[in-house]
1. Mind listing just one residue for me: the one in the range 14-48 that is open to solvent by 60 Å² or more (accessible area, probe 1.4 Å) and within 15 Å of the chain's Cα centre (by Cα) and, of those, modelled with the lowest pLDDT?
2. Restricting attention to the range 49-71, and to residues there that are surrounded by fewer than 17 Cβ atoms within 10 Å (Cβ to Cβ) and in contact with a helix residue (DSSP H, G or I) (Cβ under 9 Å, 6 or more places away or on another chain), which single residue is nearest to GLU130 (Cα to Cα)?
3. Which ones in the range 72-89 are touching a helix residue (DSSP H, G or I) at 6+ places or on another chain (Cβ under 9 Å) and either within 14 Å of LEU122 (Cα to Cα) or of a type in the set (A, V, I, L, M) (or both)?
4. Any residue that is of a type in the set (Asp, Glu), in contact with a strand residue (DSSP E or B) (Cβ under 9 Å, 6 or more places away or on another chain) and free of Cβ contacts under 8 Å to residues at least 24 places away in the same chain - is there at least one of those in the range 57-75?
5. Suppose we filter THR91, THR124 for residues that are under 26 Å from SER2 (Cβ atoms) and modelled with pLDDT of 95 or more; which single one remains?
6. Can you pull out every residue in the range 66-88 that is modelled with pLDDT of 95 or more and in contact with a Pro (Cβ under 9 Å, 6 or more places away or on another chain)?
7. Could you list all residues from the range 97-113 that are crowded, with 17+ Cβ neighbours inside 10 Å, outside any loop (DSSP other than H, G, I, E, B) and aliphatic (A, V, I, L, M)?
8. Looking at the range 72-96, which of its residues are open to solvent by 50 Å² or more (accessible area, probe 1.4 Å) and over 20 Å from GLY37 (Cβ atoms)?
Amino acid sequence: MSGRAERKQRVVTRFQRYLANPLNRRLPFQTLLETTGRSSGLPRRTPVGGRRVGDSFWLVSEFGTKSQYVRNIQADPRVRVRIAGRWHHGTAHLLPDDDPVARLRSLPRFNSAAVRAFGTDLLTVRVDLER
């Protein structure tokens, strides 16, 4: 990653960690992805934008494998997703061969625009939801 991309990631990550995410986690119908912290073992909840399609939930990570929730998924792919106020258990899969820009076209517009604008290393994630 270039120096400019690294600076961009640091600025966006700080904004999300300390301002945007704490506020968004409190919104009752914000979609949340809950992973297990790879070091702490504690639940980590991250606001995400994505869409449920059948028994799968699709999202695109802005910073790919540099995202903390993606690193948590690599350590333990069992996750929960809160969609429209309801929690669903599932297994997350990182899809580096998927075209994340094309995927964003099928996801909610507002979040997709932000991911395209701020992202530096897009990565598609699919969560297979349990029934």
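1. ARG25
2. Once the filter is applied, the top-ranked residue is ARG71.
3. VAL79
4. No, the range 57-75 contains no residue that is of a type in the set (Asp, Glu), in contact with a strand residue (DSSP E or B) (Cβ under 9 Å, 6 or more places away or on another chain) and free of Cβ contacts under 8 Å to residues at least 24 places away in the same chain.
5. Every option except THR124 fails the conditions.
6. ARG80
7. The one that is crowded, with 17+ Cβ neighbours inside 10 Å, outside any loop (DSSP other than H, G, I, E, B) and aliphatic (A, V, I, L, M): LEU104.
8. Residues satisfying the conditions are ALA84, ARG86, PRO96.
The values are calculated or read from the model by the stated rules, or taken from the named source; none is laboratory data. Everything numeric here is computed off the predicted structure, so don't read it as measured data. Cβ atoms come from the backbone with ideal geometry, glycine included; neighbour counts cover every protein chain shown. Surface accessibility is based on the protein's heavy atoms, side chains included, excluding ligands, DNA and RNA. Shrake-Rupley method; radii C 1.70, N 1.55, O 1.52, S 1.80 Å.
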